Structures are given as C-alpha cells and as structure tokens.
C-alpha cells in the first residue's frame, strides 16, 4: 500500500498524526518515536529497510490492508542515521512534545531536529581532523555570494565570486562542502553538477533569518549579510536548538590566497591520494604532527589556501624559527597541547544541549592547561593572547564528579555540597522515610501533640491559587 492512496480520515489517530507530519516534510525520512523504537512507515519503511538491510514488516493502522513498517532501537539510532546520511538522505526526528501522564488521548508529537550531512553535531560521527561545512549560494545577477559554516565548531566564512557557474562549483568542491543550500535564482547547471556529478545534499529555498544578527553586525556589504541570513535560516530550521556558539562572520578575501582549482589540488595530492582517494601518503598525512583536532583542521586549511602575502608568510616563519631555537618551550608546548581536547566542538555540543559528563570533564582538562600554554606563548612573543577561563574551570572543578555516567539522565553528575537544594532532593529520593520521621518529630515539638502521626500516600494533590 502506498501513502498517496491512503484516506487520512480512516486511519488510527496515531497514524493520522504521522501522515500529517510526513506529508508536510516530503524530503525527510521520518523517524517516528514509539516507546524504545524509531518507526518508519510506507515509502520510508521500504526505502530504509532496503538500504539498512532491516526486516520490512506490516502494521495495522485502521485499514483493511497492513501498511509497510520497519523500526530501529532508539538507543542505537546513531549508527543507522550515519549510514542514511552517507547515502544522501535527511532525517526528521519526531518525539513526544508533552508529558503523556497529563494528556487524555494521543500525545502531541513533532519534529524536534532535522539531521543532514552538513548539520551533524555528533562528534563521534564527525572526522576530528576535518571540517564539516554546509554552504549557501545566493545569486545577485552580477555575481555570487557564498557563505559556509561548520555548525559543529561555530566558524562562519563568506566570500564573493564572479558570475561563473564553473568557478562556483570549483569553490564548493575545493572547500569539501557536504551540503549546499541554493536560492531559486541560482543557475540550474550548478544544481545539476553538484547533484549528479558530486552527489552533494542540496536544498533550494529563499528563506532568510534575522536571528543571531551579531554574526554579521560589523559587515556593511548587504550581499554578505543576505548570504549568511540564507544559510542561517536553513540551519535554524533544521537544528531547532540554541546556536549561540556560532562565531562572528569572517570575510575570506580570495586575493589573499593562491588560487588553485579542484583538479590542481587533487593532482598535487594535498589531502588525499589520486588513485585511492585516501589520506594516507598524501601531503597532509606527511606533515600532520599536530597535537589537537583543532590544529589538524587548521593545518588542512593552510594547505588548501596557501598565503601569497609576503609579510604574513614571514610572520609565520618567524614563529617557526623561534620554536626551533627555543626547543624547551616547544617541547613543553607539545606536552600541554596533548592534554587539550577539541574545544571548538565541545563548545558547540554545550551550546546545542548535547553535552554529557564526559564532555564537561574534557572541557575542564583542557582549561586546566591553558594558563601554561598562555605563559609559553607570551614568552615567545606570539601575537595572539588566550582568554582567562579560570572561573569556568573552578566551576567545573567544584560541581562535576570525576567519573560521571555517560548519560546525564542517570544522575551522579553534580557533586554533593555544590547545591543545597539538590542535596535535599537527593536525600529525599534516597531516604524518604527518614525525612517523614524527622518531619513528624519537628511537628510534634511545634504543635505539642505527642501522638501526632505523619504519613504519605501516592495521590498527587494540586493546589490552585
């Protein structure tokens, strides 16, 4: 049975809810949460069961014929989502939007997040040494504006390009963009090449967003601003969560870097070998001795965008020369950097609301060595200064257990003594009888009633004021 043939008024209330969500989001594979499983129905079920090699079953939905269905366990969803994203799909995660305990009838559900190749936030899925760019292409008739961002790190860039579809495609491929949003005016040849030849995830939309205007508050050129607004509208719609970790826009001047098209970069084997398309034995594989994931991504950016400004090149050489001469500082710096985790993506997870106890401990460990790193940089007269995050480090040290569980829902995350109210709630949970006994004694003393009895039941009483 196909979805288009179903009379929505004849199906069960739950299936009617699913159909309304799916019919409004035709481009998404809907992961419909039911208990401990994400379920897929109709054409989504057929497609997913084939691509993920799952068993296709049927479900009674109030119709004479059973509808196609397949499902995956909620706790193992990331593995299946990763494979579907690799195949070019976009996933819509549907969850309950209200507490079923206080609802009569069917619980309200809705899309809480859209996952696509350019908006992944799961650090276990992303390559630590590579960017995960999503780009926007906007056509201004006389030229194009391209903005692109790594949502996981918060970095956003933009540049202008002449009205040449070939050069637009070349730039998108050079950047290693995973997903592209185009406006409706963009040359259809660009869409066709990116889709058919390079198999990128593409979306056409003219939506703009005014949220997070601090990103472009110092930008005057409206072309940059509209391009970023176009990109933000799509990302905000997909993520449906706080994105305040996004950084201020950086304008990329193409005249500051050596121009190399995609064929040149491939033939030079800068980031992957020509024959096997692997990182091993490429130039970056040979040069990458970085100690952090952030350093690895920065090195890749340097290789793909070589400087042509003599003063800037010499400034870099001076830093390298200083470290070669001050080898003790260099050794200490390497040692400290090995203790620094991926602060960019940790910040993204925290702002996004995905961080767990392990992430917070990694943040604390990284902040712990920043003063030593800052001291070394000052001694070698490095041109950039690190901020002081001692207050944040002290907060994490006081509040987070050293061995917290993976999930924040399991408890044992916040240390005892950090928050009095939380400690009281924990004590109530562990020793409710002790609380009742203590309360009974206190009330006897207050009232003078020696035979006063205090007990409890499971009835929830709500007082309206």
Matching residues in the range 123-138 - criterion: being under 9 Å from residue 152 (Cβ atoms), modelled with pLDDT under 90 and out of contact with any helix residue (DSSP H, G or I) (no Cβ under 6 Å at 6 or more places or on another chain) | 126
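For every residue, the table says whether it meets (1) under 21 Å from residue 177 (Cβ atoms); (2) in contact with a helix residue (DSSP H, G or I) (Cβ under 9 Å, 6 or more places away or on another chain).
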site	(1), (2)
242	no, yes
246	yes, yes
251	yes, yes
255	no, no
262	yes, yes
265	yes, yes
307	no, yes
Among the residues of the range 291-312, is there at least one that is touching a strand residue (DSSP E or B) at 6+ places or on another chain (Cβ under 9 Å), over 30 Å from residue 239 (Cβ atoms) and not in a loop (DSSP other than H, G, I, E, B)?
-> yes
First in the range 307-336 and over 21 Å from residue 294 (Cα atoms), second anywhere and in a helix (DSSP H, G or I), Cβ under 7 Å, 6 or more apart | 308/256; 309/256
Which residues, taken from the range 390-410, are more than 13 Å from residue 350 (Cβ to Cβ) and either under 24 Å from the mean Cα position of the chain (by Cα) or assigned to a loop (DSSP other than H, G, I, E, B) (or both)?
-> 393, 401, 402, 403, 404, 405, 406, 407, 409, 410
Would you call residue 111 under 22 Å from residue 21 (Cβ atoms), touching a helix residue (DSSP H, G or I) at 6+ places or on another chain (Cβ under 9 Å), modelled with pLDDT under 90 and not assigned by TED's automatic domain parsing to the domain that holds residue 358?
-> no
Got a sec? Which of 398, 446, 433 is exposed (fewer than 14 other Cβ atoms within 10 Å of the Cβ) and at pLDDT below 75?
-> 433
Hey, does the range 420-434 have a residue that's without any contact (Cβ under 8 Å) to a residue 60 or more places away in the chain and under 31 Å from the mean Cα position of the chain (by Cα)?
-> yes
Filter result (assigned to a strand (DSSP E or B) and either within 19 Å of residue 106 (Cβ to Cβ) or in contact with a helix residue (DSSP H, G or I) (Cβ under 8 Å, 6 or more places away or on another chain) (or both)) within the range 28-59 = 29, 30, 31, 32, 33, 34, 37, 38, 39, 40, 41, 59
Residue count, the range 25-45 (criterion: surrounded by fewer than 16 Cβ atoms within 10 Å (Cβ to Cβ) and over 27 Å from the mean Cα position of the chain (by Cα)) | 1
Looking at the range 257-265, is at least one residue in a loop (DSSP other than H, G, I, E, B), touching a residue at least 24 places away in the same chain (Cβ under 8 Å), surrounded by 17 or more Cβ atoms within 10 Å (Cβ to Cβ) and within 19 Å of the chain's Cα centre (by Cα)?
-> no
Go through (1) surrounded by 14 or more Cβ atoms within 10 Å (Cβ to Cβ); (2) over 30 Å from residue 267 (Cβ atoms); (3) within 29 Å of the chain's Cα centre (by Cα) and name the single condition residue 300 misses.
-> (2)
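Name the one entry in 284, 328 that is assigned to a helix (DSSP H, G or I) and surrounded by 15 or more Cβ atoms within 10 Å (Cβ to Cβ). Please lay out each step first, then the result.
On the way: 328 fails: surrounded by 15 or more Cβ atoms within 10 Å (Cβ to Cβ).
After ruling out the rest, the residue left standing is 284.
The values are calculated or read from the model by the stated rules, or taken from the named source; none is laboratory data. What you see is a predicted model; the values in this text were computed from it and never measured. Methodologically, a virtual Cβ is constructed for each residue, glycine included, from the backbone with ideal geometry; neighbour enumeration extends over all protein chains shown.
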